[in-house]
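Below is one structure, written out as structure tokens; comments come after it.
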Amino acid sequence: LLLEETDVSLERPGEMNFKLPAALGGGGGDAGEEKSINTKNILFIFSGAFTNLDKDIRRTREKKPFGIEIDSNPPPSSSSESTNSNTSLNPMTIHNNDEDDDINRPAGKGQSYLRYAQTSDFIRAGLEPEFIGRIPVRVALNSLTPSDLRQILTSAEGSVLRQFTRDFEGYGIQMDTNTGDDDDDGGGDDALEEIAIMAAEEGTGARGLVTILERTLREHKFELPSSSLKRFTLDVETVRRPKSALYRLLSEETPGDGAGVALEDLKRWETKMHRTAKLPDKVRVWLTEEAQNVLIIESIEADVSAYSLAGQRFGDSLGKVVGRVHELTGQTAFPISMAMAKDPEVELRKWLGLLEGYNPDTVLNGSSSLN
């Protein structure tokens, strides 16, 4: 009944429809007026996977030798086809269409056999006759092909490939993509094509692109930011063997690069700390050379990035204290000393202890108000 022209109530069943009088602040109007909507101009669109139904229809259209197909449930023929040819009514037909070559495909891949489904098929699948009878237009969607998936990678809004590219750019790393057009003869390896083919094998539609890219670049996202590499190419070798491609990239680092990378990590941490603490632009917080050396040496010895080490060492307490000190005193320059880098909690308490009437525990425990 909902699919046909009717007035549908918007009130919950059993809900009391009571309004205050206008004199008491109510909206006025008829207190008993019922809210409803007419479905005459509403287009209802339903969708479903019908995986088992797809399999059943494929089984009824099992191929036989010499391209002859035994069809126990042929699709309905149009009136023009019935007029022009009597063979269209014969359940034994010869098919040379390439779209039927995937008769043994796994579910979720290739052409959908739901295009042959009739009303009786949907009723056997569990839909009520009264419901399916009110849906006159039925369209079967085929699975995305590798060509479709490649186009999604390159031109879709919010492409997952662009998201990965931006993620690496956030670490100062440029990711180039081999599209197969680099060679003069156009015969280069196409990494995007390889990704699309592997995603199509997943049988999960466009979500397969996320699966393949995450599988390919997961280790790269963890390892490259703490290396000296600033650029790499996503090629077919990387897609097929991501770990070996990553090891090859890391082996290209030169000795002594570790300290330089750690120093850049600390600069990046300074920027993030300033942004996260929402400090005014005129406030400057920086690590002194001695503090940098302490953190760099510790990060190398612990085999962790200096960025992660600084984040763990200072947490959000440093930004809170700096913000509060600036608010109370107007101080704008905050050099981080070697002592602060070694034991920030002790040094921060010294800073706050200089503020008369201020309890250091209020900031270090997450509060920033005076007692």
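The values are calculated or read from the model by the stated rules, or taken from the named source; none is laboratory data. What you are looking at is a predicted structure, and each value in this text was computed from that prediction instead of being measured. Methodologically, a virtual Cβ is constructed for each residue, glycine included, from the backbone with ideal geometry; neighbour enumeration extends over all protein chains shown. What goes into the accessible areas is simple: the full protein's heavy atoms, side chains included, and nothing from ligands, DNA or RNA. Shrake-Rupley method; radii C 1.70, N 1.55, O 1.52, S 1.80 Å.
Within the range 276-302, residues that are modelled with pLDDT of 90 or more have Cβ atoms under 7 Å from residues that are loosely packed, with under 14 Cβ neighbours inside 10 Å and outside any loop (DSSP other than H, G, I, E, B) in these pairs: R284/A333; W286/P335; T288/P335, counting only partners at least 6 apart in sequence or on another chain.
Restricting attention to the range 326-355, the residues being surrounded by 12 or more Cβ atoms within 10 Å (Cβ to Cβ), in a helix (DSSP H, G or I) and small (G, A, S) number 2. Here K64 clears all of (1) at pLDDT 55 or above; (2) open to solvent by less than 100 Å² (accessible area, probe 1.4 Å); (3) over 24 Å from F122 (Cα atoms); (4) of a type in the set (D, E, K, R) except the condition numbered (1). Of the candidates S159, S155, S120, the single residue that is hydroxyl-bearing (S, T, Y), under 22 Å from the mean Cα position of the chain (by Cα) and surrounded by fewer than 13 Cβ atoms within 10 Å (Cβ to Cβ) is S155. For the range 212-231, the set of residues classified as over 14 Å from S305 (Cβ atoms) and loosely packed, with under 14 Cβ neighbours inside 10 Å consists of E214, R215, R218, K230, R231, listed by residue number. If I filter the range 245-267 for residues that are touching an Asp or Glu at 6+ places or on another chain (Cβ under 8 Å) and open to solvent by less than 40 Å² (accessible area, probe 1.4 Å), do I get at least one hit? There is at least one residue in the range 245-267 that is touching an Asp or Glu at 6+ places or on another chain (Cβ under 8 Å) and open to solvent by less than 40 Å² (accessible area, probe 1.4 Å). Number of residues in the range 301-310 that are touching a helix residue (DSSP H, G or I) at 6+ places or on another chain (Cβ under 6 Å) and surrounded by fewer than 20 Cβ atoms within 10 Å (Cβ to Cβ): the value is 0.
When the residues of the range 163-203 are filtered to those that are among the small types (G, A, S) and within 20 Å of R231 (Cβ to Cβ), the one that is modelled with the highest pLDDT is A191.
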